[in-house]
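Working notes for the structure below.
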Amino acid sequence: MNDDPLSEISSPKPAPSPAGDGRTIWSSSLYRVCEELIALRERNNREHKVFEQSMAKSRDAIQGSFNSFAADTQRAYQQLRQEIHGEKRVSLALLNELLDTSVDLDLIVASRPKLDDAEALARWAEAVEVEARKVQAAVRRHGIQPYDAVIGSAYNPALHERVGSKRMEGMGPLLVAEQRERGYASQQPEFVLRRPKVIVSE
C-alpha cells in the first residue's frame, strides 16, 4: 500500500479499452446485415409470389387458348366430316339413279321396234319420253335447275359459253345477243354447273 497521497494524484488513470467501442460497432454492423438479409428475404418472397401469380395467369391463358383451339379444330373436323358424308350420300344417290337410267335405256334400246310397225314405234317413243321425264325429275330432285342467260347482259366467261359472235343493231360490244342452248345451275345461281351457250355481240 502506497502511503504517499501525491502518488495517487499524480498517477494517470488507464484509458478505457477501445475494445468496448469495437464490440459496439461490430454489433451494429451485424444488426444491419441481419436487417438487410431479412429485407432481402421478404423482397424475394414477394417477387416469388408475383412470379408465381404471373406464371399462373400465363398458364391459364395458354390453357384457355389451347382449349379454344382444340374446340375449334374439333368443330371444323366434325363439319368437314358431315360435309364429306353428305357429299358421299349425294354421290351414291346420283350413281344409283344413273344406274337405273342406264338399265332403263338398255331395255328401251333392246326393245326398239321395226320401222314399218307404226304402233310399236309410237309406244317406243312414248317410253323414251317417260325416261326423259324421269331424268328431268331426278335432276330437279337434286336441286339442279335450268339457267338461262339474260339477253343484253355483259358477257361473262364464268357464266356463259361463247359459241359465236355477230354484230347486233342497237347493242354494244361484248353483250349476250342470243342464247343457243340453256345451261344448268345448282340451287345457288352463282354456282353454274353448265354454262348456257350464247352468241356475243361485236
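FYI, it's all coordinate maths here, none of it is from the lab. This structure is a prediction, so every number in the text was calculated from the model and none was measured. So basically every Cβ, Gly included, is an ideal-geometry build from the backbone, and we count neighbours across all protein chains shown.
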Cβ-Cβ below 6 Å, separation at least six or inter-chain, first residue in the range 115-129 and farther than 16 Å from T101 by Cα, second assigned to a helix (DSSP H, G or I): which pairs? none
Output the residues belonging to the range 84-114 that are touching a residue at least 24 places away in the same chain (Cβ under 8 Å) and under 19 Å from Y184 (Cβ atoms). V90, A93, L94, E97, T101
Matching residues in the range 137-159 - criterion: being surrounded by 12 or more Cβ atoms within 10 Å (Cβ to Cβ) and without any contact (Cβ under 8 Å) to a residue 40 or more places away in the chain: P146, V150, I151, G152, S153, A154, N156, L159
Taking the range 80-135 and keeping residues over 50 Å from the mean Cα position of the chain (by Cα), in a helix (DSSP H, G or I) and not hydrophobic (A, V, I, L, M, F, W, C) leaves E119, R123, E126
Within the range 136-152, residues outside any loop (DSSP other than H, G, I, E, B) and under 30 Å from L175 (Cβ atoms) come out as V139, Q145, P146, Y147
